[in-house]
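Peer 1: Dumping the structure here so I can ask a few things about it.
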Amino acid sequence: MQSNEPGPEFTGVVKWIDRRLPIFTMMSKEYQQFPVPRNLNYFWSFGALASITLIVMIATGIFLAMQYQPNTELAFNSVERIMRDVNYGWLIRYIHMNGASMFFIVVYIHIFRGIYYGSYKEPRELLWILGVIILILMMATAFMGYVLPWGQMSLWGATVITNLFSAFPIIGEPIVTWLWGGFAVDNATLNRFFALHYLLPFVIFAVVFLHIAALHIPGSNNPDGIDPKGPQDTVNFHPYMTAKDMIGIAVFLLVYAGLVFYAPNFLGHPDNYIPANPLVTPPHIVPEWYFLPFYAILRSFVADWWFFQVFLGWWGMTAKLAGVLAMFGSLILLAVLPWLDTSRVRSCKYRPVYKWLVFLFVIDFAILGYVGGKPAEGWYVVVAQWATLYYFFHLLILTPFVGWMERPKPLPASISQPAVAPAE
Amino acid sequence: MSMSIKSRMIGRALLGAAMALMIGGGSAQAAESIVPPSQDWSFNGVFGTFDKASAQRGLKVYKEVCSACHSMNLMYYRNITALGYSEDQAKAFAAQYETTDGPNDDGDYFTRPALPSDRFVAPFENEKAAAASNGGKAPPDLSLMVKARMNGADYVYALLTGYKEVPPEGVTLPPGAHYNEYFPGHQIAMAPPLFEDAVEYDDGTPATVEQMAKDLVNFLAWTAEPEMEDRKGMGVKVFLFLLVFLGLAIANKKRLWAKLH
């Protein structure tokens, strides 16, 4: 949705450069005159917040890498040296550590925005899929980053998660050995995780670039989910959206600073301040909070679960493999959401039934997160199993069927006339 | 900060007492641990600071009691100037310990008095030696203890004061185990480390068990997070800046969007 206005007039050196390499024209067209729907709410600031978090993570990460030692003998103490003896090392590390949490908070809200307002629908399917790819890359990066301090949770979290691949028949065990670079999570594993943890953020950066490039073709969706009909429905990205984003950034930074300065370890696990010890298993191995919903799905599949026995167990599938497939499936299924949702109306504002189902889906996700952090025993398991079933039921059954059955509310004629279609 | 002969002997006695059986895996399969009562620490809250007088007393408790078994590997003697000691005092404190250095030009290792730039000298040569002297499991390093446990400071205080001489009815302890209300599983290998007048405070504070536990926690809170005061102080400034920034951002947005129709 490029602007039809003529490009800006440049003078002097800028003009000289722009005639040979039109980056100034490009920036102006994509970030200044770029038209965005004028009815965007603050949910639309979360994309900008995610980009900022990515840049903060890369910047702090590079400085941490200058002091960090990816060696099992040295890693833990090198992190503590950063905390104690490197100038402002504690600040950089706490920004990086809590930045991971902030990144997931922001991205989960960004994804909720996309689901609620139907941002994934035609013509933004590819944009959405790129977003799911970013989420998966973020998860891989965060997982490997958590291993680097080489505390107890680093070691045992890495052991549990890499062991998932052993669920695959025949190729499973060799894959795990290959991932580890040995026969246990050890120095070779730590080394490669550090290398990959440094690499993947730049891959994410590249996919984010594609994500934004794909966004700038149709332009932003909006709370009404209808396309802008002309200049009266849009404002220029700069200064109007940038002014709104500034407010979002200030609030975001206040929350972020609250974590960094006053609760830097609130979202972490105390066991990660105990050096990794292959001989002592922590009583409860829990991943970072942002993985808990998926961890709950993984753990739901136990051999004596009726659902597993009725549908999967009898033809030879193991509960572990089913759990692994369900966990990865729960992510991959998000990528095909544009085709699972059969409604032609984008925004839940005009979808009286699906709107509530989206809220239920969020609650279901939160319940999964809650039980994922609890020991896998008693009623936690039962709740996790029903919540897992509902997760897939929502995506595979409710979403397509409600799309067919539901009678949406009438859409407004245009963004600038929010009233129901006038009888002109 | 002198080490009295008496407390040196107490240290030895405790070392012997602590040569207890670690209850194999006991902590791992522990029942739900009890939430320790929360205490009013000076370092709590947005404007929290360390109680330096208390932390200095805590250093003495660590030195004369805990350090018989527990290392403090992340701390350097120079660090104690942050508790209000002068550099000379830190130097004198370090000089009480012998550390191994080398190899020298002849290729030999030798011992010399510790310097402020040395790490706290550990009670055992290595982890294996520590384990061998303590019933098979090395006593944990204390540098990060307050950060490495759920409810950190409250837990450490509750643990130190939570010993029961007689376990509740129906509980039989294996040999070498002690009953502690707050240790996960309640069976702890460490003998009650503190008892009345285990140390003699330089400032005349009566050395009750509660007082020593409190002082020790103040000290350990500092060793776990020596940056805390800097962090919280900077946080206040960052918040003030961000609030002004937020105000400007809101004003700017309102002014700009008011022109739109």
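Residue-wise test of (1) farther than 30 Å from A:G230 by Cβ; (2) touching a Ser or Thr at 6+ places or on another chain (Cβ under 8 Å).
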site: A:Y354; (1), (2): no, yes
site: A:L360; (1), (2): yes, no
site: A:R407; (1), (2): no, no
site: A:Q417; (1), (2): no, no
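Peer 1: Right, another one. So which of B:T161, B:T205, B:T223, B:T172 ends up being within 12 Å of chain A (Cβ to nearest Cβ) and polar (S, T, N, Q)?
Peer 2: Values: B:T161 fails: within 12 Å of chain A (Cβ to nearest Cβ); B:T205 fails: within 12 Å of chain A (Cβ to nearest Cβ); B:T172 fails: within 12 Å of chain A (Cβ to nearest Cβ).
That would be B:T223, the only listed residue that is within 12 Å of chain A (Cβ to nearest Cβ) and polar (S, T, N, Q).
Peer 1: For B:L243, which of the numbered conditions (1) among the hydrophobic types (A, V, I, L, M, F, W, C); (2) exposed (fewer than 14 other Cβ atoms within 10 Å of the Cβ); (3) at pLDDT below 95 fails to hold?
Peer 2: For B:L243, the failing item is (3).
Peer 1: Return only the number of the condition from (1) surrounded by fewer than 18 Cβ atoms within 10 Å (Cβ to Cβ); (2) in contact with a Ser or Thr (Cβ under 6 Å, 6 or more places away or on another chain) that B:E64 does not satisfy.
Peer 2: So B:E64 meets the others, but not (1).
Peer 1: Scan segment A:375-385 and tell me whether some residue there is touching a Lys or Arg at 6+ places or on another chain (Cβ under 6 Å) and touching a residue at least 24 places away in the same chain (Cβ under 8 Å).
Peer 2: Applying the first criterion (touching a Lys or Arg at 6+ places or on another chain (Cβ under 6 Å)) to segment A:375-385 yields A:376, A:380.
Applying the additional criterion that residues be touching a residue at least 24 places away in the same chain (Cβ under 8 Å) yields A:376.
Checked segment A:375-385: at least one residue is touching a Lys or Arg at 6+ places or on another chain (Cβ under 6 Å) and touching a residue at least 24 places away in the same chain (Cβ under 8 Å).
Peer 1: I'm told B:E229 meets every condition in (1) surrounded by fewer than 21 Cβ atoms within 10 Å (Cβ to Cβ); (2) at pLDDT 95 or above; (3) assigned to a loop (DSSP other than H, G, I, E, B) except one. Can you identify the failing condition by its number?
Peer 2: (3)
Peer 1: Counting only residues that are in contact (Cβ under 8 Å) with a residue 40 or more places away in the chain and surrounded by 14 or more Cβ atoms within 10 Å (Cβ to Cβ), how many does segment B:163-185 have?
Peer 2: Number of matching residues: 8.
Peer 1: Only one residue in B:N180, B:N218 is over 27 Å from B:A82 (Cα atoms) and of a type in the set (S, T, N, Q), so which one is that?
Peer 2: The unique qualifying residue is B:N180.
Peer 1: Can you tell me which residues in segment B:229-250 are at the interface with another protein chain (Cβ under 9 Å from one of its Cβ atoms) and aliphatic (A, V, I, L, M)?
Peer 2: Matches in segment B:229-250: B:M234, B:V236, B:V238, B:L242, B:L243, B:L246, B:L248, B:A249, B:I250.
Peer 1: Run down A:N265, A:N222, A:N277 and say which single residue is at negative phi, surrounded by 15 or more Cβ atoms within 10 Å (Cβ to Cβ), within 14 Å of another protein chain (Cβ to nearest Cβ) and not aliphatic (A, V, I, L, M). Walk me through it before giving the result.
Peer 2: Values: A:N222 fails: within 14 Å of another protein chain (Cβ to nearest Cβ); A:N277 fails: surrounded by 15 or more Cβ atoms within 10 Å (Cβ to Cβ).
Testing whether each residue is at negative phi, surrounded by 15 or more Cβ atoms within 10 Å (Cβ to Cβ), within 14 Å of another protein chain (Cβ to nearest Cβ) and not aliphatic (A, V, I, L, M) leaves just A:N265.
Peer 1: Of B:D88, B:D40, which residue is closer than 29 Å to B:E196 by Cβ, away from chain A (no Cβ under 14 Å) and without any contact (Cβ under 8 Å) to a residue 60 or more places away in the chain? So that I can check it myself, show each step before the final result.
Peer 2: Working: B:D88 fails: closer than 29 Å to B:E196 by Cβ.
Residue meeting the stated conditions: B:D40.
Peer 1: Additional query: Quick check on my filter: what residues within segment A:65-79 are crowded, with 17+ Cβ neighbours inside 10 Å and not in a loop (DSSP other than H, G, I, E, B)?
Peer 2: At the first step, the residues of segment A:65-79 found to be crowded, with 17+ Cβ neighbours inside 10 Å are A:68-70, A:72, A:75-76, A:78-79.
Matches in segment A:65-79: A:A75, A:F76, A:S78, A:V79.
Peer 1: Please return the ranges of helices (runs of 4 or more DSSP H) entirely within segment A:80-166 where 2 or more residues are within 30 Å of A:P37 (Cα to Cα) and β-branched (V, I, T).
Peer 2: Working: elements: A:89-116, A:125-147, A:152-163.
So the answer is A:89-116, A:125-147.
Peer 1: Where the second residue is at pLDDT below 95 and crowded, with 24+ Cβ neighbours inside 10 Å and the first is on the phi > 0 side of the Ramachandran plot and lies in segment B:198-222, which pairs have Cβ atoms under 9 Å and are six or more apart or on separate chains?
Peer 2: As it stands, the answer is none, since no pair meets every condition given.
Peer 1: Consider A:I62 against the criteria (1) out of contact with any Pro (no Cβ under 6 Å at 6 or more places or on another chain); (2) crowded, with 17+ Cβ neighbours inside 10 Å: it satisfies all of them except one. Which criterion is unmet?
Peer 2: (2)
Peer 1: Return yes or no: is B:A130 over 22 Å from A:N265 (Cα atoms), under 19 Å from the mean Cα position of the chain (by Cα) and in contact (Cβ under 8 Å) with a residue 60 or more places away in the chain?
Peer 2: Details: over 22 Å from A:N265 (Cα atoms): yes; under 19 Å from the mean Cα position of the chain (by Cα): yes; in contact (Cβ under 8 Å) with a residue 60 or more places away in the chain: yes.
The answer is yes for B:A130.
Peer 1: Separate question: Applying the selection to segment A:280-311, what residues are surrounded by fewer than 21 Cβ atoms within 10 Å (Cβ to Cβ), over 13 Å from A:V160 (Cα atoms) and among the polar types (S, T, N, Q)?
Peer 2: Scanning segment A:280-311 gives a single hit, A:Q309.
Peer 1: Let me ask something additional. Consider A:A326 against the criteria (1) touching an Asp or Glu at 6+ places or on another chain (Cβ under 8 Å); (2) surrounded by 15 or more Cβ atoms within 10 Å (Cβ to Cβ): it satisfies all of them except one. Which criterion is unmet?
Peer 2: Of the numbered conditions (1) touching an Asp or Glu at 6+ places or on another chain (Cβ under 8 Å); (2) surrounded by 15 or more Cβ atoms within 10 Å (Cβ to Cβ), the odd one out for A:A326 is (1).
Peer 1: Sticking with this structure for a sec: Within 14 Å of chain A (Cβ to nearest Cβ) and aromatic (F, W, Y): does that describe B:Y155?
Peer 2: So B:Y155 passes the test.
Peer 1: Something else: Here are some residues: A:F365, A:F308. Which one is over 18 Å from A:M139 (Cα atoms), among the aromatic types (F, W, Y) and in a helix (DSSP H, G or I)?
Peer 2: Details: A:F365 fails: over 18 Å from A:M139 (Cα atoms).
One residue alone meets the criteria, A:F308.
Peer 1: Mind listing whichever residues of segment B:114-148 are away from every other protein chain (no Cβ under 14 Å) and exposed (fewer than 13 other Cβ atoms within 10 Å of the Cβ)?
Peer 2: If the condition is that a residue be away from every other protein chain (no Cβ under 14 Å) and exposed (fewer than 13 other Cβ atoms within 10 Å of the Cβ), then B:E125 is the only one that fits.
Peer 1: Could I ask something else about it? Going through A:P278, A:P282 one at a time, which residue ends up being touching a Phe, Trp or Tyr at 6+ places or on another chain (Cβ under 7 Å) and not β-branched (V, I, T)?
Peer 2: Details: A:P278 fails: touching a Phe, Trp or Tyr at 6+ places or on another chain (Cβ under 7 Å).
Criteria check complete, one pass: A:P282.
Peer 1: To continue, here is another question. Which number in (1) more than 9 Å from every other protein chain (Cβ to nearest Cβ); (2) small (G, A, S); (3) under 25 Å from the mean Cα position of the chain (by Cα) marks the one condition that A:A250 misses?
Peer 2: (1)
The values are calculated or read from the model by the stated rules, or taken from the named source; none is laboratory data. These numbers come from a predicted model, not from an experiment. FYI the Cβ positions are ideal-geometry reconstructions off the backbone, even for glycines, and counts take in every protein chain you see.
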